[in-house]
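Derivation of every value follows stated rules applied to the coordinates shown; laboratory data play no part. None of the values given here were measured: they were computed from a predicted structure. Cβ sites come from the backbone with ideal geometry, for glycine too, and all protein chains shown count toward neighbours.
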Amino acid sequence: MKSMNRLTASNPAPGKLEPPPGLFTRITAAPTSWKQRPSRVRKNVTRGTLALLIALVVGGGVSWATSGEGIVARFERLWGIDVDSGLSSDSSGYGLGEFSILEPMSDDRIEQLPSEVNQSLVGARALPVRGPNGDLKLHLNPGHISAWGHTSTIGGNGMPSQPVDVVSMNGKICAVWSQAFLAYCGTLKEARKEGLSISSNDEPSGIQWTSGAVTDEVKTLRLKGYAGVEVPLKDNFFQLNFAPKKQTVLLGLDENGSVVTRILIPGRPSGSDLAYIRAIKRWQRNPVGPPPNPPGSH
């Protein structure tokens, strides 16, 4: 599972702290109006829906300051889990030869993993379960980690850089954006072929960005249809700090100039998508009743 209320001290709709009904169903069934490459498109839509969901879960910085409770602590209380539990080092070394950012994991380094990174990986480890009283909880599968690396992206166009991590866990490579509480995991084959990327919107600036991790084989990234646009790479990560008008691909070239990776870059949001984003933000400010449904869900 690749995916995962704003409830604060000033919440105008007090009540029992539990996820909205049908939350996981809405996440995994998020529709799309895009037509090309439906399997990958669904991944992008699911990630976008997850970003909105996490925004509802963690709330805004001012509200958290008011409540005096940390983001991770609030998340754990809401879902009844410990994001730092069930982690262990794995000696397989999966991915070390393809991602230079990675360093081997050890029992000591497990303790150094930030809780925000562990929370971002919850979606890759979790299964939704019903408790004895019918309450929805998350069951965390073990996380066997063989390598971990930390860096930051390159900002631009008004979009700041952000901390990012690569984690080799359970025989997959996970790219992690801990500020957005998002992660995308895939096999080495998937990472080589299409990168490990997400697309989201920066809340302060409103800029749509796409970021992802690619293998060491990729030396240059060029945006198809945009002559001369080369996206910089840093420690296996890129960050495209704008949204093209139409869906396109970011081409990853090896040292010989051959295309080895094709990364889907979604176009600018449609009118219905923008209306949904605005509705979600209104609901965040006044979370009374169920959250708005995404476009096409009726």
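How long are the three semi-axes of the equivalent ellipsoid of region 150-298, in whole Å, if each is the root of 5 times an eigenvalue of the C-alpha gyration tensor, listed from largest down?
29, 18, 15
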Between region 218-251 and region 169-206, the Cα center-to-center distance that results, in Å: 15 Å
Most to least packed among 244-255, 167-178 [average Cβ atoms within 10 Å]: 167-178, 244-255
Global size of region 84-139 as Cα Rg and Dmax, reported in angstrom: 14.9, 47
Region 175-251: projected area of the alpha-carbon convex hull, averaged over directions, in nm²: 5.4 nm²
Pairs from LYS172/LYS246; LYS189/LYS245; LYS189/LYS246; LYS193/LYS234; LYS193/LYS246; LYS193/LYS219 whose Cα-Cα separation, in the structure shown, is over 25 Å: LYS172/LYS246; LYS189/LYS245; LYS189/LYS246
Fraction in percent of alpha-carbon pairs per bin - 10 Å, region 80-191: 14, 44, 29, 11, 2, 0
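Quick check on region 107-152: what are the equivalent-ellipsoid semi-axes from the Cα gyration tensor, as sqrt(5λ), descending, whole Å?
Sorted largest first and rounded, they come to 27, 11, 9 Å.
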